[in-house]
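A.B. asks: Would you mind keeping the following structure in view while I ask a few things?
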Amino acid sequence: MNVDTSVLNKINGGGTDGLPAKQSEELRNSFMTLLITQLENQDPMNPMENAEMTSQLAQINTVSGIEELNDTLSGITQQMNASQMLQASGLIGNAVLVPGNQVKVGTDEDGDNYATPFGIELAKPADNVEITVTSKSGEVIYTTTEKDVDAGVQSFSWGGLNNDDAPVAEGAYKVSYKATNAKGDEIESQALNYALVQGVAPAESGEEVRLDLGGVYGQVSLDQVKQIL
């Protein structure tokens, strides 16, 4: 008499991704009962081979090991999510640079213009980084060139003035870059814009903790934060 392989198949589907733990435990107990009954009632002239019994015991032990591993991984995942939540919560109220190409111009209490910081992430050092600020209609408002910019994340500031040093209107503008080396070859880059972390969205199943930046920025993951200002 051989143990029904369907029992093993059901157990193999148990635990986190299959049957509930209680049902899986019941199936393991049933398996052991069947195996003992099989040993007690086997044909003395044709006993179960050692290899066959070892194989069946190995299968049930493997299932138990997998379920214990799943429990361990689940605990590690929960700890990682808690750590991410703690890290993300510490960013609430802080300004960050995230992928994007917007810069906003406002007016302070003295009536002077100010603009939110912006930045760039460079794959390699650049000899020249041309920065262009344009209006929503595409009109060029301001241009400048930064020399000898290191690789990685770099941030820049702008006073909200055009190239004639006249204040520009309040509102949102677009910033773009062209990074080149000494030969004039373009270097891979990513535009970054300023945003204020307003809250944290808890991680759901299979997802990461996300930062709520509000407004047009929406939510981003922690790995999208390139610099804390």
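The values are calculated or read from the model by the stated rules, or taken from the named source; none is laboratory data. These numbers come from a predicted model, not from an experiment. So basically every Cβ, Gly included, is an ideal-geometry build from the backbone, and we count neighbours across all protein chains shown.
A.B. asks: Scan (1) assigned to a loop (DSSP other than H, G, I, E, B); (2) over 19 Å from Gly111 (Cβ atoms) for the single condition Gly159 breaks and write down its number.
C.D. replies: Only one criterion is unmet by Gly159, namely (2).
Yes/no matrix, rows are residues, columns are (1) aliphatic (A, V, I, L, M); (2) in contact with a strand residue (DSSP E or B) (Cβ under 7 Å, 6 or more places away or on another chain):
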| residue | (1), (2) |
| --- | --- |
| Ala115 | yes, yes |
| Tyr142 | no, yes |
| Pro167 | no, yes |
| Asp185 | no, no |
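A.B. asks: When you scan region 185-196, do you find a residue that is small (Gly, Ala, Ser) and either surrounded by fewer than 12 Cβ atoms within 10 Å (Cβ to Cβ) or touching a Leu at 6+ places or on another chain (Cβ under 8 Å) (or both), even just one?
C.D. replies: Our first condition is that a residue be small (Gly, Ala, Ser); within region 185-196, this holds for 189, 191, 195.
Keeping just the survivors that are either surrounded by fewer than 12 Cβ atoms within 10 Å (Cβ to Cβ) or touching a Leu at 6+ places or on another chain (Cβ under 8 Å) (or both) gives 189, 195.
For region 185-196, residues small (Gly, Ala, Ser) and either surrounded by fewer than 12 Cβ atoms within 10 Å (Cβ to Cβ) or touching a Leu at 6+ places or on another chain (Cβ under 8 Å) (or both): present.
A.B. asks: Would you point out which residue out of Ile131, Ile120, Ile92 is within 23 Å of Val200 (Cα to Cα), surrounded by 13 or more Cβ atoms within 10 Å (Cβ to Cβ) and not polar (S, T, N, Q)? Let's see the steps before the verdict.
C.D. replies: Details: Ile131 fails: within 23 Å of Val200 (Cα to Cα); Ile120 fails: within 23 Å of Val200 (Cα to Cα).
From the options Ile131, Ile120, Ile92, the qualifying one is Ile92.
A.B. asks: A further question on this structure: Can you find, within region 152-175, the residue that is farthest from Lys226 (Cα to Cα) among those that are surrounded by 13 or more Cβ atoms within 10 Å (Cβ to Cβ) and free of Cβ contacts under 8 Å to residues at least 40 places away in the same chain?
C.D. replies: Asn162
A.B. asks: Select from region 212-229 the residues that are of a type in the set (Ser, Thr, Tyr) and either in a strand (DSSP E or B) or within 16 Å of the chain's Cα centre (by Cα) (or both) and list them in ascending order.
C.D. replies: Of region 212-229, the ones of a type in the set (Ser, Thr, Tyr) are 217, 221.
Within region 212-229, just Ser221 meets the criteria.
A.B. asks: State which residue pairs qualify: first residue within 19 Å of Ile141 (Cα to Cα) and assigned by TED's automatic domain parsing to the domain that holds Ala123 and inside region 176-194, second residue surrounded by fewer than 15 Cβ atoms within 10 Å (Cβ to Cβ) and among the charged types (D, E, K, R) in any location, beta carbons under 6 Å apart, and separation of 6 or more residues or different chains.
C.D. replies: These pairs meet every condition: Lys178/Glu130.
A.B. asks: Has region 201-214 got at least one residue that is surrounded by 14 or more Cβ atoms within 10 Å (Cβ to Cβ), over 27 Å from Gly106 (Cβ atoms), in contact (Cβ under 8 Å) with a residue 24 or more places away in the chain and small (Gly, Ala, Ser)?
C.D. replies: Yes, region 201-214 has at least one match.
A.B. asks: I've got another one for you. Of the residues Leu222, Leu196, which single one is within 17 Å of Leu97 (Cβ to Cβ) and in contact with a helix residue (DSSP H, G or I) (Cβ under 9 Å, 6 or more places away or on another chain)?
C.D. replies: On the way: Leu196 fails: in contact with a helix residue (DSSP H, G or I) (Cβ under 9 Å, 6 or more places away or on another chain).
Exactly one of Leu222, Leu196 is within 17 Å of Leu97 (Cβ to Cβ) and in contact with a helix residue (DSSP H, G or I) (Cβ under 9 Å, 6 or more places away or on another chain), namely Leu222.
A.B. asks: Right, next: Being out of contact with any helix residue (DSSP H, G or I) (no Cβ under 8 Å at 6 or more places or on another chain) and either farther than 12 Å from Pro99 by Cα or modelled with pLDDT of 95 or more (or both) is the requirement here; does Val175 meet it?
C.D. replies: yes
A.B. asks: Every residue in region 96-119 that is touching a residue at least 60 places away in the same chain (Cβ under 8 Å), among the hydroxyl-bearing types (Ser, Thr, Tyr) and assigned to a strand (DSSP E or B), please.
C.D. replies: Restricting attention to region 96-119, the residues satisfying the condition of being touching a residue at least 60 places away in the same chain (Cβ under 8 Å) are 96-107, 116-119.
Restricting the remaining residues to those that are among the hydroxyl-bearing types (Ser, Thr, Tyr) gives 107, 116.
The one that is touching a residue at least 60 places away in the same chain (Cβ under 8 Å), among the hydroxyl-bearing types (Ser, Thr, Tyr) and assigned to a strand (DSSP E or B): Thr107.
A.B. asks: What tally of residues in region 134-150 results from selecting those that are surrounded by 14 or more Cβ atoms within 10 Å (Cβ to Cβ) and more than 13 Å from Tyr177 (Cα to Cα)?
C.D. replies: Within region 134-150, the first condition is being surrounded by 14 or more Cβ atoms within 10 Å (Cβ to Cβ), and the residues that meet it are 134-135, 141-142, 146, 149.
Now narrow it down to the ones that are more than 13 Å from Tyr177 (Cα to Cα): 135, 141.
Matching residues across region 134-150 total 2.
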